[in-house]
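Reading through the structure tokens given below for one structure.
The values are calculated or read from the model by the stated rules, or taken from the named source; none is laboratory data. Quick caveat: nothing in here was measured; it's all calculated off a predicted structure. Here the Cβ is made from the backbone with ideal geometry for all residues, glycine too, and neighbour counts use every protein chain on show. Accessible surface is based on the protein model in full, side chains and every heavy atom, while ligands, DNA and RNA are left aside. Shrake-Rupley method; radii C 1.70, N 1.55, O 1.52, S 1.80 Å.
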Amino acid sequence: MPNHEHLLHEILELEVVDTHTHLVGDRLCAKDFWEIAHYFWFYRELQAGGYPNDAERLPEDERISAFLDAYRATANTLMNWVFTKIMNDLYGVRIRDANSVREADEAVRGSSVTPGWARRTAAKMRVREFAVNIPEHADFRGMDRPGILIPRIDGKIHEWMDTVHRSPDPAGAFEQAQAEAHALIDGFREMNCPGIMTTLPRYDASANQTYSFSPGMPSDQVLMLLLHSICRRVEENGMLLQLFLGVERSWSAMAFPANDPARILKLSALFERYRCPFELVVASEINNLDVVQAAWNFPNVHVGGMWWFNFRASTYKAAMQYRLEALPALKSSLVVSDARCIEWSYGKILLVKHLLSEFLSERIEAGWLDNELALQVARDWLYGSAAQRYGVGVGS
């Protein structure tokens, strides 16, 4: 068996922590074909291939015809490959014509009410743990264990920023916001959450600066003061802080990747001052090197999986090279599926494992790694790094 095929076979058997999902515990499975076909990432590619915005309102025959045209038009894209593997691997259906779409829909509807489907689908890709960010979503029905809850607080942060910014007494408003933030974090610690997460917009302020309270003070300065307070409480509680960075929503109705060469630099004073673990997850290509540099400089900084617009083969391979040459493997996690159903978690992790095997095979061929070390790197990137940070283990 050629080396790459052998390595792929071994990597396919490795366990995984999916570090960021939108799975909902009581409805883990897709309810029909269209829930899989309309998954955000693939849907965007289908639309670029001519798929109409109002496809769900078309008569069934027209909808299927429009889907097939767009499916064929996007045959070269990454998410088309993933979707095709989901249909082939999980349902044994090859999408060719209208009858195959109807066959796939019947199969998905059947699987959605089949006991154990979610557990078996996760087992096919060796996914042991899934992280979620909404407390109500963590009760995974029919699975061996609940989801790992890492609550998101970005909604609250935006509320606190706005309140302080608008208040005639910003210092008093900040004290109230800080008390609420600390109580929220303490509550999550009592729930045994390993940490909290937040997205952050683009910010002009920097964590190494001192800001004074004054009426109408810029929201970005309020944000930095809040981040200092949040980091301090997270540290006191022995928790971690996930920062999801690089997606902007203020320029248009659509989310967009925003490359910012100073994004990580502006936060570096937090990494230096607070001893809590930080996990940096970015969606912008140029920041993939920046987060590696931060993790190289600060022992408490870790690099998370590939998020949003970074989930592409080209950025994956470049990011893996940055990480391989600079960081111990236990400092990096590789998987952020962003999946909204278990089937897309399967498909996107399958893609990651394929890309990982290609990358590591090339490094072996070039003489930088042997097979044993390559597999250890893969184990840590797929499972060990996140399992260590989140406090889960093989026997859990």
I want the local charge near residue 256. Using Cβ-Cβ distances under 9 Å, sum +1 for each Lys or Arg and -1 for each Asp or Glu among the other residues. 0
Carbon/sulfur fraction of accessible area - the chain, other protein chains in place, 1.4 Å, %: 51
Per residue value of the accessible surface for segment 132-173 (all protein chains in place, 1.4 Å probe), Å²: 50
Magnitude of the charge dipole, the chain, Cβ model with Lys/Arg +1 and Asp/Glu -1, debye to 20: 260
If you roll a 1.4 Å probe over the heavy atoms of the protein chains, what accessible area per residue do you get for segment 269-396, in Å²? 36
Full extension from residue 212 to residue 58: what is 0.36 nm times the residue separation minus their Cα-Cα distance, to one decimal in nm? 49.8 nm
Using Cα centres only, tell me the gap between segment 267-345 and segment 355-395 in whole Å. 15
Give me the one-decimal nm value for the distance between modelled label points at residue 298 and residue 75, 7 Å along each residue's Cα-to-Cβ direction. 4.8
Anyone know which of 259, 310, 88 comes out most mobile in the 10 Å Cα GNM of the chain? 88
Rounded to 0.05, the calculated FRET efficiency for the beta carbons of residue 119 and residue 10 at R₀ = 30 Å is 0.80
For segment 1-95, which GluC sites (Glu not before Pro) are in a loop by DSSP, counting at most 16 other Cβ atoms within 10 Å? 13, 15
Spacing of the two label points (7 Å from each Cα toward its C-beta) at residue 139 and residue 186, in nm: 2.7
Expected unfolding gain across residue 154-residue 254 under the 0.36 nm per residue rule, minus the alpha-carbon gap, is 34.2 nm
